[in-house]
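Everything below concerns the one structure shown next.
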There are 2 protein chains.
Amino acid sequence: MSRRLVRTPEPPYLAVIFTSVRSEDEAGYLEVAGEMERLAAEQDGYLDHEVTRNRDGMGITISYWRDEEAISAWRANAKHRLARKLGNERWYDEYEMRIARVERAYSGPRTLED
Amino acid sequence: MSRRLVRTPEPPYLAVIFTSVRSEDEAGYLEVAGEMERLAAEQDGYLDHEVTRNRDGMGITISYWRDEEAISAWRANAKHRLARKLGNERWYDEYEMRIARVERAYSGPRTLED
């Protein structure tokens with residue numbers, strides 16, 4: 001976890017929003033999650049990601065990608081496919097995946113109200 | 001905070017992704033954040049929202065909206081404008097706002113690998 005927000009380029013780009021509720025099965029989760037973060041970062045078209053999780057197990061992970069081709073290639077990655085299979089079988093009570101096109105963005109704090 | 005994920009309609013709809021790092025100024029924050037959640041939920045075109053925050057103060061809030069008109073009307077709300085002003089002046093060390101169009105979505109866990 002990091003207090004720094006990520007930097008993304010000027011829109012448009014894509015955001016993969018993964019909201020989830022973790023199960024109580026901890027075995028292997030942190031190792032695989034860490035490996036997937038490292039592996040995703042090596043993919044062509046990966047921009048960055050952010051993740052937060054409440055103490056009750058609800059979390060939001062957002063990864064940012066250049067285009068649909070980058071997302072498709074990452075989905076086809078064999079290690080990523082195995083990790084998703086394990087996630088479906090063991091690690092999540094519930095999740096929702098949303099693929100969204102970021103149309104505009106701005107940073108703050110800003111001195112003036114817009 | 002809730003372990004339940006929200007339910008959104010079939011895409012397309014809009015997601016306002018607010019990633020932030022909280023300041024150490026706690027005064028008024030929780031009250032105003034709660035009031036804004038209640039007030040947003042009353043707006044025409046509001047769909048739902050999800051929020052998670054790490055113990056170090058980094059958080060992600062995503063609100064879902066029917067269309068741009070709904071987002072614009074909420075931005076113009078006087079109480080919301082005041083809350084944003086206070087947020088800019090006091091409550092956030094850093095934030096990024098992204099407006100994104102959700103193009104597709106699916107729920108899990110799923111039994112079969114896709």
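The values are calculated or read from the model by the stated rules, or taken from the named source; none is laboratory data. Fair warning: this is a prediction, and the values are worked out from it, not measured in the lab. Here the Cβ is made from the backbone with ideal geometry for all residues, glycine too, and neighbour counts use every protein chain on show.
Annotations
- Matching residues, the stretch B:86-99, being touching a residue at least 24 places away in the same chain (Cβ under 8 Å) and facing another protein chain (nearest Cβ under 7 Å): B:Y92, B:E94, B:Y95, B:E96, B:M97, B:R98, B:I99
- Extreme residue, nearest to the other protein chains (Cβ to nearest Cβ), among residues of the stretch A:17-33 that are without any contact (Cβ under 8 Å) to a residue 24 or more places away in the chain and part of a loop (DSSP other than H, G, I, E, B): A:E24
- Screening A:D48 with (1) under 25 Å from B:M97 (Cα atoms); (2) modelled with pLDDT under 95 gives one miss only, at (2).
- Taken together, A:W74, A:W65 contain a single residue that is in contact (Cβ under 8 Å) with a residue 40 or more places away in the chain and not aliphatic (A, V, I, L, M), which is A:W65.
- Filter result for the condition that a residue is of a type in the set (S, T, N, Q), more than 7 Å from chain A (Cβ to nearest Cβ) and surrounded by fewer than 19 Cβ atoms within 10 Å (Cβ to Cβ), over B:S63, B:S72: B:S72
- Long-range neighbours under 6 Å by Cβ, at least six apart or interchain, first residue more than 21 Å from A:L82 (Cβ to Cβ) within the stretch A:34-54, second surrounded by fewer than 15 Cβ atoms within 10 Å (Cβ to Cβ) and hydrophobic (A, V, I, L, M, F, W, C): A:D48/A:V6; A:E50/A:V6; A:N54/B:M1
- The residue that is nearest to A:Y106 (Cα to Cα), counting only those in the stretch B:100-114 that are within 8 Å of chain A (Cβ to nearest Cβ) and either in contact with a Lys or Arg (Cβ under 7 Å, 6 or more places away or on another chain) or hydrophobic (A, V, I, L, M, F, W, C) (or both), is B:A100.
- Criterion applied to B:N54, B:N77 was being farther than 27 Å from A:M97 by Cβ and of a type in the set (S, T, N, Q), and the one residue passing it is B:N77.
- Checking each residue in the stretch A:42-59 for being touching a strand residue (DSSP E or B) at 6+ places or on another chain (Cβ under 8 Å) and either away from chain B (no Cβ under 14 Å) or part of a strand (DSSP E or B) (or both) picks out A:G45, A:Y46, A:L47, A:D48, A:H49, A:E50, A:V51, A:T52, A:R53, A:M58, A:G59.
- Here A:A83 fulfils each of the conditions (1) at the interface with chain B (Cβ under 7 Å from one of its Cβ atoms); (2) within 18 Å of B:R110 (Cα to Cα); (3) touching an Asp or Glu at 6+ places or on another chain (Cβ under 9 Å) apart from (1).
- When the residues of the stretch A:1-54 are filtered to those that are aromatic (F, W, Y) and under 17 Å from A:S72 (Cα atoms), the one that is farthest from the chain's Cα centre (by Cα) is A:Y13.
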